[in-house]
1. Look at segment A:194-211 and say how many of its residues are surrounded by fewer than 17 Cβ atoms within 10 Å (Cβ to Cβ) and within 14 Å of chain B (Cβ to nearest Cβ).
2. Taking the condition surrounded by 14 or more Cβ atoms within 10 Å (Cβ to Cβ) and free of Cβ contacts under 8 Å to residues at least 24 places away in the same chain, does A:I484 pass?
3. Name the single residue, out of those in segment A:374-392 being among the aliphatic types (A, V, I, L, M) and crowded, with 21+ Cβ neighbours inside 10 Å, that is nearest to A:G441 (Cα to Cα).
4. If B:F292 satisfies every condition in (1) within 10 Å of chain A (Cβ to nearest Cβ); (2) at pLDDT below 95; (3) touching a helix residue (DSSP H, G or I) at 6+ places or on another chain (Cβ under 7 Å) but one, which is the exception?
5. If I ask for residues that are out of contact with any His (no Cβ under 7 Å at 6 or more places or on another chain) and among the hydroxyl-bearing types (S, T, Y), which ones from segment A:133-165 would you list?
6. Just for segment B:305-353: of the residues that are under 26 Å from B:H85 (Cβ atoms) and hydroxyl-bearing (S, T, Y), which one is surrounded by the most Cβ atoms within 10 Å (Cβ to Cβ)?
7. If I filter segment B:244-272 down to residues being touching a residue at least 60 places away in the same chain (Cβ under 8 Å) and in a helix (DSSP H, G or I), which single residue comes out as nearest to the other protein chains (Cβ to nearest Cβ)?
8. Check B:Q120 against each of (1) modelled with pLDDT under 85; (2) under 30 Å from A:D210 (Cα atoms) and name the one condition it does not meet.
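The values are calculated or read from the model by the stated rules, or taken from the named source; none is laboratory data. Everything numeric here is computed off the predicted structure, so don't read it as measured data. So basically every Cβ, Gly included, is an ideal-geometry build from the backbone, and we count neighbours across all protein chains shown.
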Amino acid sequence: MTARKKSNGRKSRRKVHKNVSKRYVWRMRILAFTIIVLFFVLGGRLFQLQIVDGQKYAQIARRQHIRKVKLESRRGSIVDRAGQEIALDHPQYFTCGVRPAQLKSAGTLCTELAAFTSRPASHYQRRLQSHSPFVYLEWRLTASQADRLQSLGMNGMNLKKTSGRFYPFYRATSQLLGYTDVDGSGIAGLEVQCDEALQGEKGWEIHQRDARGVSIWDPLRSYAQPRDGGTVRLSIDILSQEILHDALIQVQEKYQANWAGGVLLNPKTGEILAISSVPDFDPIRPEIGPLANHKLKPITDLFEPGSVFKVVAATAALEKGIVCLDDSIFCENGSYRIGRKRLKDTHEYGWLTFEDVIVYSSNIGMAKVAEKLGSKEIYRFAARYGFGTPTGIDFPGENSGRLRPYDKWKDIDRANIAMGQGIAANMLQLALAFGAIANDGILMEPRLVLDRTDMKGNHRSYPPREVRRVMEPETARQLRQVLIKCVDEGTGKNAALDGSAVAGKTGTAQVPDLIKGGYYDDRFVSSFAGFITDGKEDRLLVITVCEPQEEHFASQVAAPVFKKVMQRLQPADVIRKTWKPNPIELADVSGGIGKMVSLPDRNIDLKWLRGPALSDISELAREDESIEQTEVLLPDLRGISIREATRILTSYGITVEIDGSGWIVKQSFKPGTSLIKCSTCRLKAKPL
Amino acid sequence: MPGKIQKNSILGFTFPQSESLHGDRLFILSIALLCAVGILMVYSSSFYMAWQDFRNPYYFLKRHSLRLLIGFVAFMAAYKFNYHHLRRWSIIPLIISIILLIWVLITGSRWISVGGITLQPSEFARIALLVYLADWCSRNANKLRQSPKGFLFVLTLVMITTGLVMAEPSYSAAVMILISGVALLVMSGVKWRYLIAAALPILPVAGYMAVAASYRFRRVFSFLNPLADPQGAGYHTIQSKIAVGSGQIWGFGFGMSGQKFHFLPESHCDFIFSILCEERGFIGAALVLLLFILFFWRGIRIAVKARDHFGFLLAGSLIFCIAFFALVNIGVALGSLPVTGLPLPFISYGGSALITNLLACGIVLNVSKHNNSPELT
């Protein structure tokens, strides 16, 4: 057909075109057919991807589109006995992060930060050399510090407002409460002890995200509400705590003492009203300063109590009827031999009644009573008072003290122990022992936590609990009499108060030389333990000052502290009655630390006390700490005994879990790990 | 070449005289539906990006609509204008296009901005070249078939345009021009051996490319094994396949695509079909494929029924050209072809291509209209 048409193709142009087109239509049809086939091939491919492999791709897509976003929960508050918040989560801090690549004047930033935190500027310089694109330089900066940094107008610096742990009473509660890590888990003190109750539960939310990581609305959203942590109510009375802390600071400064500690408790219930030691630390930057300052020494540290311990032997003697208070004892004019050792009294006494032996604290008189009494009875009563065993307080790292078995005692040891040397106790044990005297002979269990509510609303309270009867009420009454006389006439004169009968005992102990053995001639621990039992308010206070310079007699060093604290507590009682807990409003938070706390109002009340102003937070915050930062690292514990390893770790406030017995062969954190990182250390031990 | 065609014409613009004088209705319908799908998909795939970059989710939708309007005007103009008049002037658009191509080559940018709208000369060059070649081939049909001279002339023109576009550089667009030119040559009746002879030198060139520029070669063929470099060369292929596959049968629904959140770059241009698959599933995507097949089938039918050789070549080559674009774009979206930067006709956001495609459709419809018109004298 085409060949015929071709022959007459030139007849008319239109016709030619028509014919030409028809002639090659088949070529077009082939092309078109190919294209349509290709379209159907694509349709098949579509089927393969969407129907056959659809599930697989849908899964991949879901994985890359969906993100689980954590919803932060608030860590619970710790409140004092009146409900005043003393540790709480607050969105008031700023975290400073930088992009090192964009940062121009890194030096200025480092020096600024160093000025805020007392860290060396080189610390920040080192962080900036990191290869990561974004580096966190510092956290827990206050609003005013953040303002200052912002005013530098730096590129590549980012200040983010973050929630953080806030301690309105700052250093006064630092050792008691401890601190948390960046993630809000308790690391030390009550923060770790009550972690379970305080910990909230993080929530989550499913978000759709884009490829750059930005969260977008998602119709599939599902979520779990975060749950805020519970509340822990302490037996601490924050007013008393501040008063005690303040007094300790003063005495430590005055005598340049190694440390000073105090425990104030209610002997009838065992509730601890205040417990503190100095030097303390900055709970916002716990990593600065020596780690030893983190310890709440009245619980974690041991000392030889000295003459205050004489009440133990005295109790035994009175209970056993070996001596009466009126019996006379010859005190050998100040010098007495036991074996090859010689005992001395500070004053030379002749004949003294047993009562006066205690009142004037005659070592020789006590040694003679101890001889009659025998080691076993002294040991028994020491143990009944709770020495040598943990008090069971809700606080991490209690050191239970050292009371050797009586069959190992030599004669001189017996005499020493009767006067409080050669045994080691913590201050809390001492306080509780005196509490038994004040409480008609019944030893109470110490209480720091009154009640706690966890995030699920489970409430648990801790009522007062008796441990045991240590002595008959009559003996306790007699001892109280002696102790009152002690303050009225004897060594405790400086602790006497107007209007209240104070029962108390001083103690000046020598510090044992742990390296050479024996005792230092020039290092002392002076203590005072005393209580008021006027029926209105029961209070028992133990003050210990370790290694005071210049003066060392407890009557001069510790007793006046007792007096000062007790004096200031009396008007504080009046204040407390009209006092309501001050809720710390989240909305208040705008300025720096100094601005937001309700403390200034409180200080107006406290001016009544006529003492020096209580710890003013902003003052202390500005205080220059020139202690260089020492990062404490976990020691190598391998090869030492379990007991020694436990002692070391608990002294750092680390919980210890032990597997096996004998000597340590393995530790869960490598030696050299920063101690901040490990709250619980697991040890593996093997017998040699 | 018809002398007087319409009684009622002003400056070459003709007006419909009777009911019978209209284009292929299914053809129009397929274009309209594809454009409607385009509007929806452009909005759905671009609103997030538009909001992020311009704080206005309608940014790309607005611009797309404006181009669609311009494209419609071009479409109507081409539809009303008697296509036979094109023959008289067909050389002029080609010359202008080539000048523009050289111009962009000198200035170094692929775009020419006219009144706030950027135009891609390569798009217009494609249409201009096909129109001119359709005219030339129909005019010199015998010359083309009897000696290689005519063939060489056409081939030279195609190669010049292709070379200029390639120099932009826009390889994929250049390849499309070449393929369209070849399709036109095939339809115009060139001897097969000429075509084979012309194709022979391509082989050593391709071999040279494979060896000398193997990195580019690897890149082009990364689509065969995208997982070899999931963050680099294979990224687009993988993400596009994830988008397509996760749509399954029914898709996530309008606006619900997750891949458009920057996972699939250029989701409103080159990968709009993937987003369509994700949101509309197999059903929607298959329907769009069928729309393209309908469009293509009606277009070919118009070409076959053309009353003259010029109309046949013109409509045929333009339809083939658009179909190639659709095939390549969808093939890329389904991970069956190397990643190119070609838009999906009527649907992709992309000004010049949309306008030129609508213009081309106007021309094809014009051919169709005259198929239905009464016998001309």
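1. So the answer is 2.
2. So A:I484 passes the test.
3. A:A382
4. Result: B:F292 passes all but (2).
5. Scanning segment A:133-165 gives A:Y136, A:T142, A:S144, A:S151, A:T162.
6. So the residue we want is B:S317.
7. Step by step, filter segment B:244-272, then rank; the result is B:V244.
8. So the condition that B:Q120 fails would be (2).
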